[in-house]
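The next block holds one structure in the form of structure tokens; read it before the comments.
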Amino acid sequence: MKIFIDSADIAEIREAAEMGVIDGVTTNPSLVAKTGRSLDAVIAEICEVVDGPISAEVLATDTEGILREGRKLAAMHENIVVKVPLIADGIKAVKVFAGEGIKTNVTLCFSAPQGLLAAKAGATYISPFLGRMDDVGSEGLDLIGQLVNIYGNYAFETEVLAASIRHPMHLVHCAEMGADVATIPHKVILQLLKHPLTDIGLARFLEDAKKIPE
Ligand code: G3P
């Protein structure tokens with residue numbers, strides 16, 4: 001399973017990358033806005049820190065605009081994945097990008113039929129938003145299972161990239177279901193490591209070690 005960090009904050013990305021377990025990065029306009037920097041500056045710096053797929057989202061919502069912005073982003077670095085919203089114009093653009101060899105991450109997926117069409121168009125990744133489904137009383141994990149199953153039935157190459165992950169058990173369930181990738185906020189990456197028995201056990205070992213003769 002691949003683990004991406006869902007962040008546009010360079011300090012967070014650098015710290016996570018230093019752990020050696022980060023395969024890529026996803027960003028979105030909300031995350032980039034929080035940095036107070038331009039999209040180009042943020043993406044260029046992320047490309048220097050992480051050598052893996054880096055999703056950068058277009059803002060256009062018409063096919064021509066998506067193609068224009070996406071081609072510009074893709075030209076910035078070979079690791080760029082163009083993040084495209086799951087709307088009709090976006091799906092048309094994904095088909096064109098696929099023909100041009102430009103990788104895409106189709107975002108804001110909330111249903112299996114949406115995910116099926118994204119795969120038909122040739123998306124590299126599909127991003128179902130788990131947490132946001134849970135927020136409105138749907139079961140986000142069910143969608144992960146459906147997409148893994150549907151893509152497997154027909155050997156679609158599109159990878160299921162579980163997004164909007166809010167806590168460690170989301171990741172565990174995604175892994176059990178066979179999601180190809182999970183993109184995780186920095187805070188949750190740190191939570192993955194935490195267990196009170198690890199801290200208590202380590203403190204006890206270090207205390208006992210003081211009694212070991214030289
Ligand atoms: O990057 C897309 C997704 O991960 C957003 O997560 O927590 O804002 O729903 P969240």
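Across the chain, Cα pairs under 8 Å and at least six residues apart give a relative contact order of 17 percent.
Find the Cα radius of gyration of the chain, compare it with 2.2 N^0.38 Å by division, and give the number to two decimals.
Values: Rg = 19.1 Å, N = 214, 2.2 N^0.38 = 16.9 Å.
Ratio of Cα Rg to 2.2 N^0.38 Å: 1.13.
Surface composition of the chain: carbon plus sulfur atoms hold 56% of the accessible area, using a 1.4 angstrom probe and ignoring ligands, DNA and RNA. Taking amide H as placed 1.01 Å from N in the peptide plane, Glu159 has its amide H under 5 Å from the amide H of Tyr125, Ile126, each at least 5 places away in sequence or on another chain. Whole-Hz Karplus values for the range 199-214 come out as 5, 5, x, 5, 4, 5, 4, 5, 5, 5, 4, 5, 8, 6, x, 4 Hz, taken residue by residue from phi with 6.51 cos²θ - 1.76 cosθ + 1.60 and θ = phi - 60°; glycine and proline positions read x. Compactness of the range 102-147 was expressed as the Cα radius of gyration divided by 2.2 N^0.38 Å, which yields 1.12. For Val84, the amide hydrogen comes within under 5 Å of the amide hydrogens of Asn105, Val106, Thr107, counting only partners 5 or more places away or on other chains and with H modelled in the peptide plane.
In the assembled protein chains, Ser38 presents an accessible area of approximately 60 Å² (probe radius 1.4 Å). Only protein heavy atoms count here; on that basis, with a 1.4 Å probe, Glu18 has an accessible area of about 150 Å². Computed from the Cα positions only, the extents of the range 1-109 along the three principal axes stand at 38, 31, 25 Å, in decreasing order.
Could you order Ser30, Ser111 so the one with the most accessible surface comes first? Probe is 1.4 Å. All intermediate terms of the calculation are to be shown ahead of the outcome.
Numbers: Ser30 80, Ser111 35 Å².
Most to least solvent-accessible, the answer reads Ser30, Ser111.
Projected over all directions and averaged, the alpha-carbon convex hull of the range 111-214 occupies 9.3 nm².
The figure for Glu15 is an accessible area of roughly 80 square angstrom, using a 1.4 Å probe on the protein chains alone.
Ordered by 1.4 Å accessible area with all protein chains kept, Met1, Met19 run largest first as Met1, Met19. Ranking Leu117, Phe97, Val21 by how far each Cα lies toward the positive end of the dipole of the chain (charges on Cβ) leaves Leu117 at the top. Only Cα sites of the range 51-166 enter the Debye sum here, all with the same form factor; the resulting log10 I(q)/I(0) across q = 0.10, 0.14, 0.15 1/Å is -0.27, -0.52, -0.60, listed in q order.
Sort Phe110, Phe129, Phe156 from largest to smallest accessible area, using a 1.4 Å probe on the heavy atoms of the protein chains.
On the way: Phe110 80, Phe129 15, Phe156 55 Å².
Descending accessible area places them as Phe110, Phe156, Phe129.
Using a 1.4 Å probe, what is the accessible area per residue for the chain, in Å²? Please list the in-between numbers first.
On the way: 10990 Å² over 214 residues.
Ligands and nucleic acids excluded, the result is 51 Å² per residue.
The values are calculated or read from the model by the stated rules, or taken from the named source; none is laboratory data. Model, not experiment: these values are computed from the prediction. With ideal geometry, Cβ positions are generated from the backbone for all residues, glycine too; neighbour counts draw on all protein chains shown. Ligands, DNA and RNA are stripped out before the accessible areas are found, and what is left, the full protein with its side chains, is counted by its heavy atoms. Shrake-Rupley method; radii C 1.70, N 1.55, O 1.52, S 1.80 Å.
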